[in-house]
Amino acid sequence: MAKLSLNYDRSRVPLYIQVASVMRQRIESGRWREGDKISTIEALETEFGVARVTIRQAIEILREEGLLDARQGRGTFVSGKPRERHWLNLANDFDAVVSSVKNNVIRIVHIEEEAQPPILGDNEGTLADAYALLRSVQYNGDEPFAMVNLYLARDLFLRERKRFTHLPALPRIVEMEDVTIRHCYQTVTIGVADPEISERLKIGLGEPTADCRLVLVDDHGVAIYAADFHYHRNCFALRRDLLDRAASGKPSSYRRKAS
């Protein structure tokens, strides 16, 4: 129990959310299958080393997600599975990135035409004179799959305000004949859903997200576009052929060397 307590203490995520995440993973992995009766609250209380109220709170989260069903006098049963689509494969070259977003359906939820500038990392260029901030949710059909915070150089935003508030910005920037993109920096990390992301993407608070930062730097060294994409983890995958050596002209096969 002391070991479990140490693991819980490493996270600032509320305890009941941590427990719900573990239970959700058990359903997702098939350890708890649809129709199965899960362990009793008392057994889970002992296994997780937490108070009974914490287990009840975790079960309630999964019940609201449609994953568990508590039946009076019978126990708690698995009633569904998390959506597992993994249909979005992260692009690994600039043309593919542009192509992957051009047909996205976006809904703007917040605009600041005179926003505080983004925080740029090393080698991400210098700041533009001013930025507009566009916060949007992107949809696949009727379901949200990404929340985006985009800092766009204000002079570019003002040129086509209407288009930038209705369509993905990246393809339009590429079409601007007087804009030359010198660098496109992409950083992918793992994050967790904060209260706003949780609400916008309809996922559990504290659930993992795939976070992709994209920064475009023009030929003057200015960061004209800095966007943070927070993807619902169930839509996201990173697929690569690690033996694809077409670019180098080397054979695309592998044989282990004799020891």
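Taking the stated definitions as given, is residue 140 surrounded by fewer than 20 Cβ atoms within 10 Å (Cβ to Cβ) and in contact with a Pro (Cβ under 9 Å, 6 or more places away or on another chain)? No: the conditions fail for residue 140. One residue stands out in the stretch 199-241 among those that are within 22 Å of residue 62 (Cα to Cα) and of a type in the set (Val, Ile, Thr): the one that is farthest from the chain's Cα centre (by Cα), namely 203. Taken over the stretch 50-75, the residue count meeting the criterion of being on the phi > 0 side of the Ramachandran plot and at pLDDT below 90 is 2.
Being assigned by TED's automatic domain parsing to the domain that holds residue 200, assigned to a strand (DSSP E or B), of a type outside the set (Asp, Glu) and modelled with pLDDT under 95 is a description that does not apply to residue 151. Taken over the stretch 107-122, residues that are touching a residue at least 24 places away in the same chain (Cβ under 8 Å), loosely packed, with under 14 Cβ neighbours inside 10 Å and part of a loop (DSSP other than H, G, I, E, B) amount to 1. Annotation for the stretch 113-125: at least one member residue is closer than 16 Å to residue 163 by Cβ and either out of contact with any Gly (no Cβ under 7 Å at 6 or more places or on another chain) or basic (Lys, Arg) (or both).
The values are calculated or read from the model by the stated rules, or taken from the named source; none is laboratory data. What you see is a predicted model; the values in this text were computed from it and never measured. Because the Cβ atoms are built from the backbone with ideal geometry, glycine has one as well, and the counts that use them run over all protein chains shown.
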